[in-house]
Amino acid sequence: MSTVMQPAILAFTAEHRYLSNFYPSVIRAEGISYPTVEHAFQAAKTTDTGLRRKIAEQPWRHCRSCGPA
């Protein structure tokens, strides 16, 4: 049985963009809709519902730093 090697995915761009945490894909958790997986991930770091809602409203470019440390 032979194995066919697939090329490595070096970036989440073009045809692989959907693999990025920042790809637009609404995630609904505990009554709040987040525009990306990254938003939901950052919001999961806190139990403060107000902060979670603020995170959900952030532009994706600012999301990586919008959650608690």
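The values are calculated or read from the model by the stated rules, or taken from the named source; none is laboratory data. Keep in mind it's a predicted model, so treat the numbers as computed, not measured. Heads up, the Cβs are rebuilt from the backbone with ideal geometry, glycines too, and the neighbour counts pull from every protein chain shown. What goes into the accessible areas is simple: the full protein's heavy atoms, side chains included, and nothing from ligands, DNA or RNA. Shrake-Rupley method; radii C 1.70, N 1.55, O 1.52, S 1.80 Å.
What do you reckon, is R64 basic (K, R) and under 18 Å from F12 (Cβ atoms)? If you could, list the steps in order and put the result at the bottom.
Working: basic (K, R): yes; under 18 Å from F12 (Cβ atoms): yes.
Considered against the rule, which asks whether it is basic (K, R) and under 18 Å from F12 (Cβ atoms), R64 comes out as yes.
So is V4 open to solvent by 70 Å² or more (accessible area, probe 1.4 Å) and modelled with pLDDT of 95 or more or not? Show your work before the answer.
On the way: open to solvent by 70 Å² or more (accessible area, probe 1.4 Å): yes; modelled with pLDDT of 95 or more: no.
Against the criterion (open to solvent by 70 Å² or more (accessible area, probe 1.4 Å) and modelled with pLDDT of 95 or more), V4 does not qualify.
Residue-by-condition table, conditions (1) aromatic (F, W, Y); (2) under 9 Å from the mean Cα position of the chain (by Cα); (3) at pLDDT below 95:
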| residue | (1), (2), (3) |
| --- | --- |
| I9 | no, no, yes |
| Y18 | yes, no, yes |
| P35 | no, yes, no |
| A40 | no, yes, no |
| G50 | no, no, no |
| W60 | yes, yes, yes |
